[in-house]
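K.L.:
One structure follows; several queries about it will come next.
Coordinate-derived values only; no laboratory data. Since the model is a prediction, treat every value here as computed from it, not as a measurement. Every residue, glycine among them, receives a Cβ derived from its backbone with ideal geometry; neighbour counts consider all protein chains shown.
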């Protein structure tokens, strides 16, 4: 039984992280753009709210998500009204939780990248007839490419590595919510150290390679494309 | 057809209050010290700042009361102080960025034409970081031209460049002036650039337009000239008549008569130049003495006098016929001894005349 290595948690983690990263970019980019450019008095409250997962214990987020999305919570009532049941202990629930939990890891690099652009490139684009949307797509996004790369890698890696939130809201259902980090915990609990080693060492190697690739790529972009600023 | 701009704004310590009419031909300079509001006015005209006011460009209202056309819907070109090329695009793509957003029926400046005019044919495939400062600014100018603007705004396009790059770009700016019928608003604090390029000047001080008019008239405004001390001077249009090679002199003709200046062999006889005559290099006399080391002696008529602070006096003169004013800076004592008064005919002796280079 120990010989039949179970790859399912690995694929589940990769699926969760990929989906979460895509959703995070869709949700995080407009938030980061707004935070980078607004002069609204809501800027800092919203910024602090987005950053909360950085400082809160994952169990706190998991707990409230569980309450919120549970059968008696407003989120749960809503999903039941939609006819999709409740989200806790489902893969969809993990996705929602991961998006919230990893949000600052995507918003902050993007916000920094957008702020570093300054107003000038967008003003130049405006004098060249580009509408605000075209300014964003054709100027801000390409110039903020290192920020997007950092955001994607951090969002993905952080989702792969999360544990507390998942345990709270997802439990440990094989094929549904039993992701890599939970599987490692499981193996250790049942004293299957060999499997725990494979997964853990694999995680270390994966995390190192991802970060190294990120630094190398951003280093090249930094030297290559931004000399004018 | 003209450009009508009226703006008022309170920006902390600084307030802008401007109401100017500019011709829709040629180069109009917004001239003044840094902090005088030139760039702020230019940005307001571009729609990059939104102040209370009214802006009508060649009959088209860009701003009035509540209506405000956003920058990207104004048919303008803007050249920033730093070239601000998009670093992620090569020169060719930078040039086409704006052009591609202008309907083909609206395009009046051809790609090849603009590229040739700015002399950047050989740079098209390069990334901006591989260009010199002067080359970048030429690309930025061509990029702005390619949107076929109805008004070209330039914010100190030379100030970020070193002396050599400046010399490199000036001829291109002059070609712009001569070859295209696009009105240009040119912000500068450099007397040299303004006198070389501009036809019309708006003199900005502390957020206000102190004077606005043809350049020769504005620079001969006694009150403004008085504030500029040693820099006061007049601008004359002249035509190269002949070169007197054995004396290393060139003979020009202006509204006042002959003007001999240092040898300018590179200018063909018949070509037109602008000459700046500093007020301190002009002296006055009652008679046309034949014996004098000064070569340029002209009959003039005094138009106005103004005693400055200290012992100096500025005198504005006109040629006997039509023509631009000439300024002389003399001592107040001389003015009193000679009993100078408006309307008098006398002679101006011009010691030196600088070509604008």
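K.L.:
How many residues does region B:6-65 contain that are within 14 Å of chain A (Cβ to nearest Cβ), farther than 16 Å from residue B:209 by Cβ and under 19 Å from the mean Cα position of the chain (by Cα)?
P.N.:
Matching residues across region B:6-65 total 0.
K.L.:
Are any of the residues in region B:140-159 assigned to a helix (DSSP H, G or I) and surrounded by fewer than 24 Cβ atoms within 10 Å (Cβ to Cβ)?
P.N.:
No: zero hits.
K.L.:
Could you list all residues from region B:18-50 that are assigned to a strand (DSSP E or B) and under 13 Å from residue B:203 (Cα atoms)?
P.N.:
B:18, B:19, B:20, B:21, B:22, B:28, B:29, B:30, B:31, listed by residue number.
K.L.:
Still on this structure, please answer the following. Can you pull out every residue in region A:71-88 that is buried (at least 17 other Cβ atoms within 10 Å of the Cβ) and assigned to a loop (DSSP other than H, G, I, E, B)?
P.N.:
Residues satisfying the conditions are A:73, A:86, A:87, A:88.
K.L.:
Further, regarding this structure: Between B:41, B:85, B:89, B:11, which is surrounded by 21 or more Cβ atoms within 10 Å (Cβ to Cβ) and touching a helix residue (DSSP H, G or I) at 6+ places or on another chain (Cβ under 9 Å)?
P.N.:
Within the list B:41, B:85, B:89, B:11, the selection yields B:85.
K.L.:
Quick check on region B:101-117. Is at least one of its residues more than 14 Å from every other protein chain (Cβ to nearest Cβ), within 23 Å of the chain's Cα centre (by Cα) and surrounded by 15 or more Cβ atoms within 10 Å (Cβ to Cβ)?
P.N.:
Scanning region B:101-117 turns up at least one residue that is more than 14 Å from every other protein chain (Cβ to nearest Cβ), within 23 Å of the chain's Cα centre (by Cα) and surrounded by 15 or more Cβ atoms within 10 Å (Cβ to Cβ).
K.L.:
Scan region B:142-156 and give yes if some residue there is at positive phi, in contact (Cβ under 8 Å) with a residue 40 or more places away in the chain and within 14 Å of chain A (Cβ to nearest Cβ), otherwise no.
P.N.:
yes
K.L.:
Further, regarding this structure: Can you report the number of residues in region B:76-99 which are at the interface with chain A (Cβ under 8 Å from one of its Cβ atoms) and in a helix (DSSP H, G or I)?
P.N.:
Number satisfying all stated conditions: 2.
K.L.:
Which residues, counting only those in region A:139-173, are surrounded by 21 or more Cβ atoms within 10 Å (Cβ to Cβ) and either part of a loop (DSSP other than H, G, I, E, B) or at the interface with chain B (Cβ under 10 Å from one of its Cβ atoms) (or both)?
P.N.:
Residues satisfying the conditions are A:139, A:143, A:144, A:162.
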